[in-house]
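What follows is calculated from the coordinates using simple rules that are stated; it is not laboratory data. Model, not experiment: these values are computed from the prediction. Ideal geometry is used to build each Cβ from the backbone, glycine not excepted, and the neighbour counts take in all protein chains shown.
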2 protein chains.
Amino acid sequence: MDVQEQALDATRQDNTCRILNAAERLFKHYGYTKTNVADIARDLGMSPANIYRFFSSKADIHHALAKRMLEEAYVAAAANAQRPVSATERLRDHVLQQHRMTLETMFSEKKVHEMVVVAMEQQWPVIQQHLERIRLLLADLVRQGIAAGEFREQNADLAAECFMSSSVMLCHPQLIADALLETRIGTPEDLVEFALRAIR
Amino acid sequence: MDVQEQALDATRQDNTCRILNAAERLFKHYGYTKTNVADIARDLGMSPANIYRFFSSKADIHHALAKRMLEEAYVAAAANAQRPVSATERLRDHVLQQHRMTLETMFSEKKVHEMVVVAMEQQWPVIQQHLERIRLLLADLVRQGIAAGEFREQNADLAAECFMSSSVMLCHPQLIADALLETRIGTPEDLVEFALRAIR
DNA sequence: CGAATGACGAAATATGAAAAACGTCAGTCG
DNA sequence: CGACTGACGTTTTTCATATTTCGTCATTCG
């Protein structure tokens with residue numbers, strides 16, 4: 001790749017990023033369906049057709065935004081996973097952090113929540129991949145916990161998956177929305193402790 | 001209550017039951033929305049208006065059917081809970097049984113599954129009550145397990161709730177529908193064992 | 001020459017009137 | 001007298017149509 005090609009890629013990346021920023025702002029304000037590509041183009045002072053030089057469709061913008069947001073979530077999860085505390089505490093905090101973030105999105109960014117629900121209903125690969133990356137992260141935490149003597153010997157990948165499945169009620173956006181009204185005996189902390197016990 | 005009133009109640013109950021039977025058959029065959037009360041009435045050789053002497057609305061029929069089906073499910077769960085095997089085994093089989101029944105409904109009785117999804121989305125109290133009854137059943141199993149030395153001393157009600165939350169991926173109709181395609185490391189049995197470990 | 005656009009066909013969505021279904025009630029019939 | 005019904009007002013659904021939005025492409029412009 002020569003200097004000219006680098007410059008081309010740079011401007012291209014810059015454009016895609018600007019489009020994503022505009023789309024994210026408009027989607028959050030007006031909602032995904034109420035925002036059309038003409039709105040996004042006007043916001044950036046370009047023609048609607050020009051958008052399609054960078055994204056193959058409006059849905060493609062949605063996908064790219066989801067990917068970017070999930071990347072942020074992954075960075076946060078990775079940061080938590082590197083904290084210098086016990087594996088137990090990092091696993092616990094991971095779930096609680098996830099829980100808080102989901103609640104936050106549900107309440108203060110309702111439009112985003114709608115987009116998330118659509119993405120989950122349609123089973124986007126980007127979400128599956130994100131969950132798989134998270135699972136790898138947690139599996140590593142389990143291995144560290146085993147090495148540190150916190151957890152028993154076990155299949156770390158399986159344990160990570162089961163741990164995620166067990167805490168799905170705290171992280172799954174739709175379930176959280178439903179479960180808010182339910183009469184509950186235990187707190188989120190109780191459920192995490194329960195799942196942690198299964199690993200020890 | 002004298003003899004006459006008993007007879008009245010009997011015929012009334014008989015009518016409600018016949019209506020429910022007809023409605024259940026038609027709903028299963030044509031779907032809930034495609035079946036109207038006129039269809040149900042015609043099937044029974046009565047006028048649509050007469051239906052409303054027994055049910056205040058079509059939705060009321062839906063509610064009553066859900067209650068009847070959940071009652072059957074509860075009976076099955078209660079039967080399992082009384083088997084003369086260890087509490088561990090009964091808890092495990094309860095979840096696996098629930099899992100099988102949900103899968104069965106999803107595949108062979110798709111119309112019923114749609115009705116279930118609607119009921120869950122709308123958070124019908126009858127479902128909450130059913131789950132609460134199941135939880136009491138499981139809490140009792142946990143107590144028996146504690147008494148038998150299978151499980152450690154703990155809050156049985158909390159444990160039952162956490163156990164149900166942990167196995168929600170195996171029992172929640174919508175989640176099962178979604179998770180079918182996912183790449184999975186563990187089997188349903190693995191997840192149940194995981195949750196059981198948390199109680200021991 | 002390639003980035004950008006206006007014009008345009010295809011696809012999706014909003015609109016509104018017609019039809020169907022819901023649910024009520026005065027009145028019939030056994 | 002009371003179980004039951006036909007007729008009817010109201011609400012919901014359907015469906016054909018108009019409008020918007022999507023996404024493409026030949027053409028323009030720097």
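Values computed for the structure shown
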read-out: Computed over the stretch A:6-72: relative contact order in percent, which uses C-alpha pairs under 8 Å that are six or more apart; value: 31 percent
read-out: Label spacing, shortest first and in nm, from B:Val118 to its equivalents in the remaining copies (7 angstrom along Cα→Cβ); value: 2.5
read-out: Exam field: B:Glu72 pseudo-label spacings to other copies (7 Å along Cα-Cβ), nanometres; value: 4.8
read-out: Debye log10 I(q)/I(0) at q = 0.07 Å⁻¹ for the protein assembly as shown, Cα point scatterers; value: -0.45
read-out: Partners for B:Lys67 among lysines (Cα-Cα distance below 30 Å; same-chain residues under 8 apart left out); value: B:Lys28, B:Lys34, B:Lys58, B:Lys110, B:Lys111
read-out: Per-copy distances of the A:Ala179 label point, shortest first, in nm (7 angstrom along Cα→Cβ); value: 1.2
read-out: Sorted peptide list for B:155-168, B:175-188, criterion being average Cβ within 10 angstrom, highest first; value: B:155-168, B:175-188
read-out: Peptide A:122-128, shielding by other chains (average Cβ, 10 Å cutoff); value: 1
read-out: Inter-chain shielding of B:185-192 (mean C-beta neighbours from other protein chains, 10 Å cut-off); value: 4
read-out: Pairwise Cα inverse-distance average, inverted: Kirkwood Rh of the stretch B:31-114 (Å); value: 15.3 Å
read-out: Diffusion constant of the stretch B:51-174 at 20 °C, which comes from Stokes-Einstein with the Kirkwood Cα-pair radius and 1.002 mPa s, µm²/s; value: 137 µm²/s
read-out: Contact order relative to length of the stretch A:57-199, as percent, for alpha carbon pairs under 8 angstrom and 6 or more apart; value: 31 percent
read-out: Whole-angstrom gap from the stretch A:84-118 to the stretch A:145-200, using each part's C-alpha centre; value: 13 Å
